[in-house]
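This report refers to the structure that appears directly beneath it.
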Amino acid sequence: MKTRDFDIDTALARIETAVRPWPKAALFQLAEEGYGSVFEQLMACIISIRTFDEVTLPASRRLFERARTPTALARLTDEEVDALINPSTFHERKAQQMREIARRVEQDHGGALPADRDVLLSFAGVGPKCANLVLGVACGEPIISVDVHVHRVTGRWGYVHASSPERALSALEAKLPRRHWIDINRLLVPFGKHICTGRLPHCSTCPVLDMCEQVGVSGHR
């Protein structure tokens with residue numbers, strides 16, 4: 001089917017059903033468990049960088065059992081934070097970054113992290129993908145977060161053509177209806193992990209195979 005005919009409403013509705021048996025993406029799962037503040041979501045997002053959700057979730061829960069606010073986290077030592085978020089990738093560096101963020105929030109914002117993209121991006125270790133995801137999950141702001149799964153899946157569909165997640169973000173902002181800006185990450189992360197996988201995607205069980213151009217797919221199951 002031609003790219004211009006791709007029905008994104010139908011595709012995401014089918015995927016919503018298809019991913020129900022699979023775990024939710026880490027930040028969405030934590031929000032459902034009550035860890036939905038901007039600060040909690042930011043800390044979890046930092047933990048998640050280059051780290052599987054299976055590690056991110058328990059590490060985030062351990063951290064939040066000890067510290068759910070900037071004030072509480074700033075009172076911990078780097079070593080204490082490091083022990084809580086281990087075995088997240090680069091946990092020592094992340095522990096230092098997280099404590100520095102907590103201290104800055106106390107110093108510059110009275111202990112309450114504002115829902116402000118520029119503020120989030122001013123912190124070391126926080127990039128556009130993380131800032132967008134935090135604001136989307138914590139605040140419901142219509143912001144697209146493009147990770148490797150969103151980039152890969154929308155490219156395979158032929159819905160957008162972009163050489164990097166950053167360029168995919170611009171393309172999706174221009175094309176994707178705003179009502180789907182948060183859900184695109186919520187749905188395509190589990191879809192990309194379990195169905196439209198990086199290698200040998202499960203095309204035979206894909207709910208949108210009839211709509212997909214299978215761009216770049218050379219082998220599948």
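Computed from the coordinates by the stated procedures, all read-outs in this text should not be read as laboratory data. Nothing here was measured: the structure is a model prediction, and the numbers come from that model. Here Cβ is always computed from backbone atoms with ideal geometry, including for glycine, and neighbour counts include all displayed protein chains.
Helical runs assigned H by DSSP (4 residues or longer) give the chain a calculated mean residue ellipticity at 222 nm of -17000 deg cm²/dmol, each run adding -39500 (n - 2.57) before division by the residue total.
Treating the beta-carbon of each Lys and Arg as +1 and of each Asp and Glu as -1, no other charges, what is the dipole magnitude of the stretch 26-139 about its Cα centre, to the nearest 20 debye? List each step's numbers first, then the result.
Numbers: 13 positive and 16 negative charges, 22 e Å.
Around 100 debye, computed over the stretch 26-139.
Give me the angle, in degrees from 0 to 90, between the Cα long axis of helix 128-139 and the longest principal axis of the Cα atoms of the chain, rounded to the nearest 10. In the chain, helix 128-139 runs at an angle near 80 degrees to the longest axis. Taking Rh as the Kirkwood radius, which is the inverse of the mean 1/r over Cα pairs, what is the Rg/Rh value for the stretch 32-153? Using only Cα positions, Rg/Rh for the stretch 32-153 is 0.94.
Round to a whole angstrom and tell me the spacing of the C-alpha centers of the stretch 170-221 and the stretch 95-135. First find each Cα centre; the distance between them is then 30 Å. Ordering Phe39, Phe123 by the number of other Cβ atoms within 10 Å of each residue's own Cβ, fewest first, gives Phe123, Phe39. Shown in residue order for the stretch 38-47 are the 3J(HN,Hα) couplings computed by the Karplus curve 6.51 cos²θ - 1.76 cosθ + 1.60 at θ = phi - 60°: 4, 5, 4, 5, 5, 4, 5, 5, 5, 4 Hz (x for Gly and Pro). Sorted ascending by nearby beta carbons within 10 Å, beginning with the fewest, Asp7, Asp210, Asp82 become Asp210, Asp7, Asp82. Take every pair of alpha-carbon atoms less than 8 Å apart whose residues are at least six positions apart; their mean separation over the length of the stretch 26-139 yields a relative contact order of 32 percent.
On C-alpha positions alone, give me the angle between the axis of helix 53-66 and the longest principal axis of the chain, in degrees, nearest 10. With both axes taken from Cα atoms, the answer is about 30 degrees. Charged side chains reduced to their Cβ positions (Lys and Arg at +1, Asp and Glu at -1) give the chain a dipole of some 500 debye around its Cα centre.
Positive-end ranking of Cys45, Val126, Ala83 along the dipole of the stretch 26-139, with charges on Cβ about the Cα centre, is headed by Val126.
Taking the fewest neighbouring Cβ atoms within 10 Å as the starting point, the ordered list for Leu209, Leu27, Leu120 is Leu209, Leu120, Leu27. Extension gain, Val215 to Glu32: 0.36 nm times the residue separation minus the Cα-Cα distance gives 62.4 nm.
Our estimate of slack between Glu79 and Asp108, defined as 0.36 nm per intervening residue step minus the Cα-Cα distance, is 8.0 nm. Ellipsoid semi-axes for the chain, based on the Cα gyration tensor and the rule √(5λ), read 34, 18, 14 Å when sorted largest first. The long axis of helix 148-157 is offset from the longest Cα principal axis of the chain by roughly 10 degrees.
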